[in-house]
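In what follows, a structure is listed as structure tokens, so that the remarks can point back to it.
The values are calculated or read from the model by the stated rules, or taken from the named source; none is laboratory data. On a predicted model such as this, the values are computed, not experimentally measured, just so you know. Please note: Cβ atoms are built from the backbone with ideal geometry, for glycine as well, and neighbour counts cover all protein chains shown. For the accessible areas, the whole protein counts, side chains as well, though only heavy atoms, and no ligand, DNA or RNA atoms are used. Shrake-Rupley method; radii C 1.70, N 1.55, O 1.52, S 1.80 Å.
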Amino acid sequence: MLLDTFGRQAVDLRVSLTDRCDLRCTYCMPEQGMTWLAKPTLLTDEEVVRLVRIAVTLLGVREVRFTGGEPLLRPGLVGILTACARLQPRPELSLTTNGIGLARTAAALRGAGLDRVNVSLDTLDPRTFQRLSRRDRHHDVLAGLTAARAAGLSPIKVNTVLMRGINDHEAPDLLAWCLERGYELRFIEQMPLDPQHGWDRSTMVTAAEILDRLSTRFTVTPEPAGRRGSAPAERWIVDGGPARVGVIASVTQPFCRACDRTRLTADGQVRNCLFATGETDLRTALREGGDDPRTDARIAELWRAAMWGKKAGGGIGDPDFHQPERPMSAIGG
Ligand code: SAM
Ligand code: SF4
């Protein structure tokens with residue numbers, strides 16, 4: 001199992017399949033000047049599947065979420081999903097995507113074994129979309145969402161980051177829009193993971209503000225405590241239910257004590273936290289070990305050691321907090 005010294009067990013693996021993307025969301029990537037991961041350092045499809053197999057069969061991982069960068073840009077995605085869906089025990093398979101290209105691929109992804117999808121959508125206005133993502137692709141995201149629903153992916157979650165003065169006034173409209181279509185909306189506080197290092201706590205839109213804005217049109221009440229243990233509410237009941245909205249206070253109320261995640265980057269590095277400043281190299285062990293039957297056990301050992309070193313929290317609130325070298329797009333959000 002992937003345990004740490006604080007008694008947590010990581011069962012949820014986030015795999016970044018590429019650091020590249022067809023959007024340039026301001027909170028995630030600069031307009032230009034990104035340095036991409038060098039091609040030879042990227043895991044091949046077979047290497048990704050092998051590491052997922054080790055995580056699932058030797059380390060107790062139960063859920064695998066593919067992300068990036070933009071995971072739909074990975075040509076081998078359907079093959080990776082197909083192979084992961086054959087693993088025993090069969091992990092839950094999900095994808096976080098900007099939705100561009102989903103109109104073309106949703107049915108094939110579902111056929112390959114994808115269970116669920118999160119689509120990022122920050123605005124209902126195509127011009128605001130262009131301002132936030134620096135690309136004119138709003139229509140493609142909406143088409144992707146519709147295709148995901150038609151393909152039977154369920155639930156469909158929508159991820160939204162609110163930026164002050166740009167799209168923060170849209171919170172109630174976005175919720176109404178998602179409720180009408182049966183999508184589950186989740187607002188995520190902006191985190192200090194932008195490569196420009198332009199994040200500023202004082203201007204960030206907080207979870208409390210988001211709830212205030214939603215309250216102008218909806219009655220939002222916290223989910224009963226039993227559903228979330230002692231964690232701060234992340235899901236809220238809308239107008240008495242059954243509809244829900246997520247408000248993820250990653251900055252103002254981080255819930256690191258319940259963290260069950262482990263992360264694998266597209267170049268084969270394990271990260272035990274989004275905000276970790278160190279990484280553990282599995283790619284080298286994988287390539288040097290090759291088909292030697294002891295290699296899987298060696299990699300599992302490295303992975304366990306990486307998670308054992310996980311800190312109590314991400315430390316965003318600490319005075320000596322340092323933003324990680326890798327931006328969100330290269331970690332895998
Ligand atoms: N390209 C895909 C997408 O946009 O969904 C997957 C990768 S993206 C890094 C994953 C999620 O991280 C998206 O929902 C995005 O909005 C979110 N994200 C990116 N940068 C962020 C930041 N600085 N703070 C909070 N969330 C962020
Ligand atoms: Fe691309 Fe997703 Fe980052 Fe936007 S948030 S730039 S879609 S990786």
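Structure notes:
- Restricting region 315-326 to residues that are open to solvent by 20 Å² or more (accessible area, probe 1.4 Å) and within 16 Å of ligand 2 (Cβ to nearest atom), the residue that is nearest to the chain's Cα centre (by Cα) is R326.
- Pair list, Cβ under 8 Å, 6 or more apart: region 22-38 residue within 13 Å of L193 (Cβ to Cβ) and in contact (Cβ under 8 Å) with a residue 24 or more places away in the chain, other residue within 9 Å of ligand 1 (Cβ to nearest atom) and of a type in the set (V, I, T): C25/V161; Y27/V161
- Scanning region 185-205 turns up at least one residue that is outside any loop (DSSP other than H, G, I, E, B), touching a Leu at 6+ places or on another chain (Cβ under 8 Å) and within 26 Å of R244 (Cα to Cα).
- Residues that are within 21 Å of D200 (Cα to Cα) and open to solvent by 10 Å² or more (accessible area, probe 1.4 Å) within region 171-189 comprise just one, I188.
- Residues located in region 1-48, provided they are part of a loop (DSSP other than H, G, I, E, B), more than 16 Å from ligand 1 (Cβ to nearest atom) and touching a Gly at 6+ places or on another chain (Cβ under 7 Å): M1, L2, V11, L43
- Whichever residue in region 287-314 is surrounded by 12 or more Cβ atoms within 10 Å (Cβ to Cβ) and farther than 21 Å from D12 by Cα and, among such residues, is nearest to the chain's Cα centre (by Cα): R287
- Matching residues in region 146-166 - criterion: being in contact with a Phe, Trp or Tyr (Cβ under 9 Å, 6 or more places away or on another chain) and either within 14 Å of ligand 2 (Cβ to nearest atom) or among the basic types (K, R) (or both): R149, K157, V158, N159, T160, V161, L162, M163
- Checking T128, T123, T97 one by one, the residue that is within 16 Å of ligand 2 (Cβ to nearest atom), surrounded by fewer than 18 Cβ atoms within 10 Å (Cβ to Cβ) and modelled with pLDDT of 95 or more is T128 and no other.
- Failed item in (1) within 30 Å of L174 (Cβ to Cβ); (2) open to solvent by less than 20 Å² (accessible area, probe 1.4 Å), with V270 passing the rest: (1)
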